[in-house]
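See below for the structure under consideration.
The values are calculated or read from the model by the stated rules, or taken from the named source; none is laboratory data. Everything numeric in this text was worked out from a predicted model, so none of it was measured. No Cβ is skipped: glycine too gets one built from the backbone with ideal geometry, and neighbour counts run over all protein chains shown.
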């Protein structure tokens, strides 16, 4: 066999698309839309939660109404039954003897023996200034207590008669007692006696309990 007559092997491939591709080409594409489902009735758990919240609000409303009615009832009771008056408060004064000893130790010119002179008006400020000037070991509060006890004592008020002299810090006469001041002193004596009697009755009542 000659070479010209020798058969030649040739490979011929078919350009055929895969089956899946052919199927996809042959079948048209279908687009699907989402379905919207409308729920007419809420789920059971949601209904139960709403019922519980409604019951809770109802209990709170009833509790608030009960509190309001209780407050109103208490107000009516208070209006019908008046509250008792507060206990009387009495001014606590130191004994006049102690006031005399305290003041006499620093200002003996204000006394004649153990009897106090009638003090000039505004002498408290003079005493404060003298404390600052001499650096005396006496506080303003102590001076105020001594003056209150002294000027409200009956031995001091009984001296306030019209024409009597008032003395300053150095023992000098500064003014004369007027008729109005004498009348005020007499009224003050009566008030202090009544106050002392009320205080004694109050102390007896308290001690009896």
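Worth a mention:
- Some residue of segment 117-134 being closer than 21 Å to residue 189 by Cα and more than 44 Å from the chain's Cα centre (by Cα): yes
- Here residue 156 clears all of (1) surrounded by fewer than 18 Cβ atoms within 10 Å (Cβ to Cβ); (2) touching a strand residue (DSSP E or B) at 6+ places or on another chain (Cβ under 7 Å); (3) outside any loop (DSSP other than H, G, I, E, B) except the condition numbered (1).
- Verdict on residue 162 being surrounded by 12 or more Cβ atoms within 10 Å (Cβ to Cβ), assigned to a strand (DSSP E or B) and assigned by TED's automatic domain parsing to the domain that holds residue 114: no
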